[in-house]
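We did not get these values from a lab; they are worked out from the coordinates using the rules stated. These numbers were taken from a predicted model, which means no experiment stands behind them. In this analysis, Cβ positions are derived from the backbone assuming ideal geometry, glycine residues included, and neighbour counts consider all displayed protein chains.
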Amino acid sequence: MLDKIDADTASLPSGTKVILVFLGDYIDRGMQSRQVIELLMGERLQGYQTVFLMGNHEEALLRFRDEASFGAEWARFGGTETLFSYGLRPPIGRAAHSSRAWQPVWQQFRETFPASHLEFYQSMKHYITIGDYFFVHAGLRPDVPIENQTVKDMLWIRDEFLNDEAIFPHLIVHGHSTSHQPFLDNRRMGLDTSAFSSGILTAGKFSGTDIEIIST
């Protein structure tokens with residue numbers, strides 16, 4: 001995907017401002033979660049202005065850092081794979097459901113988790129507005145002003161946002177809720193095409209009112 005973005009931006013007029021907005025959920029869906037974070041933090045993206053939004057999976061990692069007992073819940077949606085990628089051995093099988101079994105892993109995680117990674121996770125934004133577009137991980141609660149939106153909804157909302165017909169002041173660009181192909185109507189654009197299972201990672205290219213799709 002980054003190679004395709006490089007090729008596309010190389011064809012833009014000189015002086016065009018390029019901003020890469022990442023919509024969250026960088027971890028939990030594979031054994032290379034740590035490597036994904038290191039890629040995002042590393043030199044590969046230094047030529048771009050970047051914005052990293054937090055997804056519910058990143059929030060889960062930060063919650064586990066504060067609450068050992070949350071490990072049993074996090075394991076249900078990918079926390080085990082992420083911890084393996086950081087060199088830890090979380091409980092599996094029946095033990096994974098025991099809060100007590102997570103205590104030593106939590107302690108080791110607190111002691112060995114790289115400070116630079118923690119800073120990166122904590123620096124992630126919950127949303128950003130650029131022009132006519134509002135970028136957020138999961139979505140917004142309909143009929144609620146932006147100043148009253150909750151972080152929980154921005155990271156976790158699903159059906160209440162997807163199934164409503166309320167129009168927002170901006171086009172909402174989001175991930176979180178998967179679909180076989182990108183979704184676009186007059187209120188939202190969903191870009192999560194289940195890369196962890198489909199192998200198809202999707203990006204949107206926004207230039208004024210023009211939108212193009214770039215896929216792997």
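General observations
- Exclusive hit being among the β-branched types (Val, Ile, Thr), surrounded by fewer than 16 Cβ atoms within 10 Å (Cβ to Cβ) and either within 24 Å of Thr193 (Cα to Cα) or within 20 Å of the chain's Cα centre (by Cα) (or both), set Val151, Val136: Val151
- Only residues that are outside any loop (DSSP other than H, G, I, E, B) and out of contact with any Pro (no Cβ under 8 Å at 6 or more places or on another chain) were counted in region 198-214, giving 9.
- Residues in region 125-181 that are of a type in the set (Phe, Trp, Tyr), more than 14 Å from Gly24 (Cβ to Cβ) and touching a residue at least 40 places away in the same chain (Cβ under 8 Å): Tyr133 alone.
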